[in-house]
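Right, one structure below, let's go through it.
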Amino acid sequence: MNLRLPPEVTTALQAESARTGLSQQEIVRDALGRRLHLIDTADQAGERERARAEHAVQPARVPYRKVTPRLRLPKGTTSLDLLDRDDRF
């Protein structure tokens, strides 16, 4: 799944990731879980604090950082071109 976010949301997400040491994926998964009522918000906060108090959870050693792509497709080639014909819809 690709998720396109407005620039201001992307900036806020990056800032929250740097502030908390959580990955952006963790923050988005948590937000979706809360929105879809899949996470009991009161219970989760208590579990998180308990885990921190017991030192079961360590903060990230390196906060969010921008990653540069290692692989680039040749000009004019898309990821769709890499799929077999049987995989296309």
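All of the numbers you see were taken from the coordinates with simple rules; none came from a lab. Everything quoted here is computed from the prediction, not taken from an experiment. We place every Cβ from the backbone using ideal geometry, glycine too, and count neighbours over all the protein chains shown.
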Figure the gain on full extension for SER23 and ASN2 (residue separation times 0.36 nm, minus the Cα-Cα span) and round it to one decimal in nm. 5.9 nm
Of the stretch 1-19, those with amide N under 15 Å from the point 7 Å along the Cα→Cβ vector of ALA31 are 2-19
